[in-house]
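The values are calculated or read from the model by the stated rules, or taken from the named source; none is laboratory data. Computed from a prediction, not measured in an experiment: that's the story for all the values here. Cβ: placed from backbone, ideal geometry, glycine included. Neighbour counts: every protein chain shown.
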2 protein chains.
Amino acid sequence: MEKGYIHVYTGNGKGKTTAAFGLALRAACADKKVFIGQFVKGMKYSEVKVCDLLKNIDIEQFGLECFINKEPKEEDILIARKGLEKIEKIIENNTYDVVVLDEINIALYYNLFKLSEVLDILSKKPQNMEIVCTGRYAKDELIEFADLVTEMKEIKHYYNEGVEARRGIEC
Amino acid sequence: MEKGYIHVYTGNGKGKTTAAFGLALRAACADKKVFIGQFVKGMKYSEVKVCDLLKNIDIEQFGLECFINKEPKEEDILIARKGLEKIEKIIENNTYDVVVLDEINIALYYNLFKLSEVLDILSKKPQNMEIVCTGRYAKDELIEFADLVTEMKEIKHYYNEGVEARRGIEC
């Protein structure tokens, strides 16, 4: 059985969640089973429909409304912690080939749970499983722990010109 | 109708083609129609099966065996040029919402066609169409021309430790 790795997509540029979805799609094309857990996010982006289109991909959100630029509330922490517990079970049960922890770096940045808890769970990764962590502000210890780290660096972005996120492109 | 933009994913890190596929998937989730043209590549990666899984995505390869680290042959140039002609027609016909020009930066780097030809074609982009260009070594003029540019920067990669590309993950 092939060895699986831990990926981190971080940085301030576009393409982190997008790359995780691309990896999920490629895996589905190769008949692998994928679980996508989205931390922080509770918004019904078009990408949430991925499970209707691809039977090999399951997706679940562990967030409410986005609290970025505000303070996370008690409920934000609760739903994120429940998500992390679910991820722990998924990793222990080993029924998925690829597990995406979308925006887990943001969840850590906002202290929804502790880095040590995440690293404990990641260290239980079955040999063959691939895990993808996304989000800005990846912690140094996670980068250290991971096998593959890409920084998405913004060179140019039309958000800066006031364009809002568009359905089916950014969300 | 929403305005579409030109994206460039470049840099030496993992996630450029992957992000383009993620964007294609998100667009398909929003009922948009996607065309993926892959320059340089002729290898039947798992991702080529995407059109079997998602009816809104069409994919075509405009390459033979990979010539990277060798010199491109006459046939490599021919097939790339035919690909570029097809892309020109697709852009003119305006039947797709998202058009991915995978590895077009590599095709340009190896002089399979000229930058001026590509910029001419891109300048015919219909207002609503989204175009995504991927590959290392993006030309400055293309970066200048594009609306959104992300550099995928390698922080850590297991290729450096001798792990080969794996089916359903990297290819």
Could you please let me know if B:R166 is free of Cβ contacts under 8 Å to residues at least 60 places away in the same chain and either within 14 Å of another protein chain (Cβ to nearest Cβ) or within 30 Å of A:V34 (Cα to Cα) (or both)?
yes
Take the stretch B:66-81 and flag every residue that is under 14 Å from B:E103 (Cα atoms) and modelled with pLDDT under 85.
B:C66, B:F67, B:I68
If we ask which residues in the stretch A:45-72 are within 14 Å of chain B (Cβ to nearest Cβ) and over 22 Å from A:R136 (Cβ atoms), their number turns out to be 9
Looking at the stretch A:137-158, is at least one residue under 25 Å from B:T150 (Cβ atoms), among the aromatic types (F, W, Y) and modelled with pLDDT under 95?
yes
For B:V98, all conditions in the list (1) farther than 27 Å from B:K3 by Cα; (2) in contact with a Lys or Arg (Cβ under 7 Å, 6 or more places away or on another chain); (3) of a type in the set (A, V, I, L, M, F, W, C) hold save one; what is the number of the exception?
(1)
Filter the stretch A:1-18 for residues that are aliphatic (A, V, I, L, M) and within 13 Å of A:V99 (Cα to Cα); which is farthest from the other protein chains (Cβ to nearest Cβ)?
A:I6
Run B:S116 past the list (1) within 14 Å of chain A (Cβ to nearest Cβ); (2) over 17 Å from the mean Cα position of the chain (by Cα); (3) of a type in the set (S, T, Y) and report the number of the one that doesn't hold.
(1)
Output the residues belonging to the stretch A:21-42 that are crowded, with 24+ Cβ neighbours inside 10 Å and facing another protein chain (nearest Cβ under 7 Å).
A:F21, A:G22, A:L23, A:L25, A:R26, A:A27, A:A28
Among the residues of the stretch B:104-120, write down those that are touching a helix residue (DSSP H, G or I) at 6+ places or on another chain (Cβ under 7 Å) and either surrounded by fewer than 20 Cβ atoms within 10 Å (Cβ to Cβ) or in a loop (DSSP other than H, G, I, E, B) (or both).
B:L112, B:F113, B:L115, B:E117, B:L119
